[in-house]
Amino acid sequence: MLRTISNNKMGVLLFVFCMFGVQAFANAGLSVIANNQLSLESLEIRQVRGIFLAKTNKFPNGVFVKFINQTEGSPVANEFDKKVLRKTVAQLKSYWMKLVYTGRARLPGKLASDAEVKKWVAAAVGRIGYIDSASVDNTVKVLAVIP
Amino acid sequence: MNMTKRYTYALVVMLFGGMLHSIQAQALEFGAISNVKVISTDAPGESSAFAIGALDLFATHKVNENTVAFIEYVFEGDESFVLDLERLWIKRTFSDAFELAGGRFHSSLGYWNRTYHHGAIIQPTVSRPFFLDFEDGDAGILPAHTIGFIANGQLNDNFSYEASIANSSFIDSTIVGVDKVELGIGNASDRSDDKSIGLHVTYDSSSLPMTVGVFIMQNSIVENATTGTTPAFGSLSKGGELVDQIISGIDFRYQHGDFDVLAEYYNLDNDATSVGGKDDSASAYFFQFGYQATEQLKVIYRNEALDFEATDIYFQLLGTQEAEHNVIALRYDIDDANALTLEINSTDFETAGNDDFTITTLDWSFLLF
């Protein structure tokens, strides 16, 4: 019986550690990434917001920027919308519909995963996206971190 | 309203409504813009009123990665509603420097006309600058809409362009003095082989928060008199040139912190020598100053004016009056999808015999999607 209780405690402890581990993984934060060839080392969050809301079409160094979102409703996209864009899904929808109405903007593109975003960003200078910080590798450079 | 029109309107509404249920799996985005308002005026013959604005239904569809389509219908009217197809275009992106679109657009004249279209919530004030009013129903003096092709693109970090070729404009001179004359444009045909050619080049400064655009459009205004009627100018037949018009101008935008400026200047060269008139010049401008007082509240002031020679046949045909307007507006953005605007718009006519007047409007505009 003591062995059973001990095994059960171990199981519970293991389960708890796993949960914390998962939680820690999910809370790794976000990284705003760009092509490694871009001559820019960092962006302020307000600058990132300006780019992803199409208020500017250039990096601070004058290079044209193209941005990509992740699929609406994904955890990464939700976190980015909340922490960087400071808009709900509905607010973003109306924001983009107004821009599209003017004929001066296209609805932003969307990719389904961190891997797809990294691949897209790495393909050309001037591209920018966001991924879970745990997915960052040496194929892209990090311009901003959102904890 | 006859039954055919009723069925047509119902079909359009059902089409857009039905799209809402079928679009989720497709890349079709649908929206509607409208507004309601309270109007107080001392214009002769006008009364204060409650009013609904135009119902603007629009949809955009990503046909593929490089192709986008856009359609916009507007229901508008007073005693009865008229359904107008305002925009319909399809555009392919070949590169950052070259996109090509075909269909019906807003002309590449200035910034306001190409940006704010018909959506009440989109534009900063309730009213458009008066000389940018639409041709149909509002006695507009400029070809705000065009049917043809537009190429546009970003040439480098600072310069972008729009170049268009489109149908010419027309006026039915037989109704001058009988009915309201409007500048028309053919959606499915052209009255003349002469086409409208336009070019707009924009400079976006890298060092200053300002954008400057210069534009020019050559446009033929031709006779649209039907057979058996008497045109204003002798035996000029349908398709005959009334006015050879060149519109040129500049637009300017500047933003610094909470302040912004939008200004546009137009020069209209109206050559009516082909019908025994003169080659006259007219000018129009507006200057708009905005201050974002809080995140939601903006104060806007705008001055607008139109001047032309009394001998200008173009304005004689349209029955236009020289005027100056002063507009003050307070706009409160309740959220991204609805806004309240209080606007005071005073009209001062240059010509004696016309009573100046003021229109005060409280407007509630909204976006549905």
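Looking at B:S196, B:S173, B:S160, just one residue is out of contact with any helix residue (DSSP H, G or I) (no Cβ under 7 Å at 6 or more places or on another chain) and farther than 23 Å from B:A263 by Cβ, and that residue is B:S196.
Taking B:N219, is it under 20 Å from B:L242 (Cβ atoms) and not aliphatic (A, V, I, L, M)?
Values: under 20 Å from B:L242 (Cβ atoms): yes; not aliphatic (A, V, I, L, M): yes.
In short, yes.
Among the candidates B:Y116, B:Y161, B:Y111, the residue that is within 12 Å of another protein chain (Cβ to nearest Cβ) and farther than 24 Å from B:F30 by Cα is uniquely B:Y111. Here B:A101 fulfils each of the conditions (1) assigned to a loop (DSSP other than H, G, I, E, B); (2) within 11 Å of chain A (Cβ to nearest Cβ); (3) modelled with pLDDT of 95 or more apart from (1). Counting only residues that are closer than 18 Å to B:Y265 by Cβ and surrounded by fewer than 17 Cβ atoms within 10 Å (Cβ to Cβ), region B:284-320 holds 6 of them.
Can you confirm whether region B:169-180 contains a residue that is part of a strand (DSSP E or B), within 14 Å of chain A (Cβ to nearest Cβ), in contact with a strand residue (DSSP E or B) (Cβ under 6 Å, 6 or more places away or on another chain) and under 23 Å from B:S283 (Cβ atoms)? No: region B:169-180 contains no residue that is part of a strand (DSSP E or B), within 14 Å of chain A (Cβ to nearest Cβ), in contact with a strand residue (DSSP E or B) (Cβ under 6 Å, 6 or more places away or on another chain) and under 23 Å from B:S283 (Cβ atoms).
Checking each residue in region B:33-55 for being among the polar types (S, T, N, Q) and either exposed (fewer than 11 other Cβ atoms within 10 Å of the Cβ) or within 15 Å of B:D78 (Cα to Cα) (or both) picks out B:S34, B:N35, B:S47, B:S48.
A quick yes/no check of all residues on (1) farther than 14 Å from A:A28 by Cβ; (2) at pLDDT below 95; (3) in contact with a strand residue (DSSP E or B) (Cβ under 8 Å, 6 or more places away or on another chain); (4) not acidic (D, E):
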site	(1), (2), (3), (4)
A:M97	yes, yes, yes, yes
A:A105	yes, yes, no, yes
A:G109	yes, yes, yes, yes
A:D114	no, no, yes, no
A:K118	yes, no, yes, yes
A:A122	yes, no, no, yes
A:I128	yes, no, yes, yes
A:V140	yes, no, yes, yes
A:L143	yes, no, yes, yes
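Filter region B:28-67 for residues that are of a type in the set (D, E) and closer than 17 Å to B:F369 by Cα; which is nearest to the other protein chains (Cβ to nearest Cβ)? Before the answer, list the steps.
Taking region B:28-67 and keeping what is of a type in the set (D, E), we get B:29, B:42, B:46, B:56, B:65.
So of that shortlist, the ones also closer than 17 Å to B:F369 by Cα come out as B:29, B:56.
Numbers: B:E29: 6, B:D56: 8 Å.
Once the filter is applied, the top-ranked residue is B:E29.
Scanning region B:181-211 for residues that are in contact with a strand residue (DSSP E or B) (Cβ under 9 Å, 6 or more places away or on another chain) and of a type in the set (S, T, Y), we see that the one that is surrounded by the most Cβ atoms within 10 Å (Cβ to Cβ) is B:S196. Please give the number of the condition B:T226 fails out of (1) among the hydroxyl-bearing types (S, T, Y); (2) closer than 23 Å to B:A323 by Cβ; (3) not in a strand (DSSP E or B). Going through (1) among the hydroxyl-bearing types (S, T, Y); (2) closer than 23 Å to B:A323 by Cβ; (3) not in a strand (DSSP E or B) one by one, B:T226 breaks only (2). None of B:F70, B:F94 is among the aromatic types (F, W, Y) and within 9 Å of another protein chain (Cβ to nearest Cβ) except B:F70.
Selection over region B:307-340 of residues that are out of contact with any strand residue (DSSP E or B) (no Cβ under 7 Å at 6 or more places or on another chain) and within 14 Å of another protein chain (Cβ to nearest Cβ) gives a count of 2. For region B:324-365, the tally of residues that are modelled with pLDDT under 95, under 23 Å from the mean Cα position of the chain (by Cα), assigned to a strand (DSSP E or B) and within 18 Å of B:G119 (Cα to Cα) stands at 1. For region B:279-320, the set of residues classified as basic (K, R) and under 24 Å from B:F349 (Cα atoms) consists of B:R302 only.
The values are calculated or read from the model by the stated rules, or taken from the named source; none is laboratory data. Just so we're clear, the structure is a prediction, and the values are computed from it rather than from any experiment. As a convention, Cβ positions derive from the backbone with ideal geometry for all residues, glycine included, and neighbour counts pool all protein chains shown.
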